[in-house]
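The values are calculated or read from the model by the stated rules, or taken from the named source; none is laboratory data. Since the structure is predicted, the reported quantities are computational estimates derived from the model, not experimental observations. For neighbour counting, all protein chains shown are included, and Cβ atoms are generated from backbone atoms with ideal geometry for every residue, glycine included. For accessibility, only protein heavy atoms count, side chains too; no ligands or nucleic acids. Shrake-Rupley method; radii C 1.70, N 1.55, O 1.52, S 1.80 Å.
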Amino acid sequence: MIYHVIQAPSDLVPNPDEISIFLAGSIEMGKAKPWQDAVASQIARRTNQPIAFYNPRRAEDFTPDMEQEQIKWEQERLASCDYIFMHLQGDTKSPISLLEFGEFIGTGKLFIDVPKDFYRYNNVLLTAEQAGYPNHVSNDLDANIAKLTDQISSDIVDRKQAESQGPKEDGLISDEDSSDEVRPEDQETEYLD
């Protein structure tokens, strides 16, 4: 289990061989329970891959003068990460998380767990369905971890298969196009005056 956590507002970036996962979801100025460290550990244990986790929860208390820096930090990392793990707690509103959910569910890289008592549960389900990813929604944390880690494993297998087939040689003429026959549209026409 090889992983490390990059906590806001750090400028660290993952190593090229690391999978990057953004830990999105309920924080609400500290109202939500801190769940990020436990989830990072569980995901790392299940994948056995080198992982860098982006954790937007700051170590210090959040103050209004940090807002712009925080927003930019989160937006940049959400856009660049390989996967997004989102956890919504039933006793929160999590408006920023819902905004991020709407922005990224259509990418296929976001996996969300949302309890049935969450006040916008049906919105989350229907939005994921419309985006084509209803199977990226679960009702509990452990199921969400399983879905994400299964997807990571599947993606690794696909990547290894693609690498074993070698690079595609784009721009080369295929056997179908290599005939010696000259087509009328390919002939040069000489005009005499």
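Please say if the range 1-50 is rounded, prolate or oblate, where rounded means a/c under 1.5 for a ≥ b ≥ c the square roots of the C-alpha gyration tensor eigenvalues, and otherwise the choice is prolate for a/b larger than b/c and oblate otherwise?
The shape class here is oblate.
Can you give the accessible area of Thr107 in Å² (nearest 10), computed on protein heavy atoms with a 1.4 Å probe?
The value for Thr107 is about 70 Å².
Pull out a ≥ b ≥ c, the square roots of the eigenvalues of the alpha-carbon gyration tensor of the range 1-91, then state rounded if a/c is under 1.5, prolate if not and a/b is larger than b/c, and oblate in the remaining case.
The shape class here is oblate.
Take Ala146 and Asp91, extend 7 Å from each Cα along the Cα→Cβ direction, and tell me the distance between the two endpoints in nm.
Taking the simple label geometry, Ala146 and Asp91 are separated by 2.6 nm.
Show which lysines lie in cross-link reach of Lys33 when reach means a straight Cα distance below 23 angstrom and same-chain residues fewer than eight apart are skipped.
Lys93, Lys116, Lys147
First measure r as the distance between the Cβ atoms of Ser154 and Ala79, then evaluate 1/(1 + (r/R0)^6) with R0 = 25 Å and state the FRET efficiency to the nearest 0.05.
Result of the calculation: an efficiency of 0.65.
Using the alpha-carbon atoms, what tilt in degrees (0 to 90, nearest 10) does helix 95-104 show relative to the longest principal axis of the chain?
Taking Cα atoms only, the helix is inclined about 20 degrees.
Taking the range 61-156, which trypsin sites (Lys or Arg not before Pro) meet the DSSP loop condition and have no more than 12 other C-beta atoms within 10 Å?
Passing both the DSSP loop test and the Cβ count: Lys116.
Per DSSP H run of at least 4 residues, take -39500 (n - 2.57); add these up for the chain, divide by its residues and hand me the 222 nm value, nearest 500 deg cm²/dmol.
It comes out at -12000 deg cm²/dmol, rounded to the nearest 500.
Given the Cα-Cα distance of Asp11 and Asp37 and 0.36 nm per residue of separation, how much length would full extension add, in nm?
Stretched out fully, the Asp11 to Asp37 stretch lengthens by 7.4 nm.
Please state the Cα pair-distance histogram of the chain with 5 angstrom bins from zero: what percent is in each bin?
1, 7, 14, 17, 16, 12, 8, 4, 3, 3, 3, 3, 3, 2, 2, 1, 0, 0
On average, how much accessible surface per residue is there in the range 11-118, in Å², for a 1.4 Å probe, leaving out ligands, DNA and RNA?
49
Which order do you get for Ile152, Ile71 if you rank them by accessible area with a 1.4 Å probe, largest at the top?
Ile71, Ile152
What is the range 60-164 by shape, rounded, prolate or oblate, if you read a ≥ b ≥ c off the alpha carbon gyration tensor as root eigenvalues and call it rounded for a/c under 1.5, prolate for a/b larger than b/c, and oblate otherwise?
oblate
For helix 36-47, what angle does its Cα long axis make with the longest principal axis of the chain, in degrees from 0 to 90 and rounded to 10?
Its long axis makes an angle of about 40 degrees.
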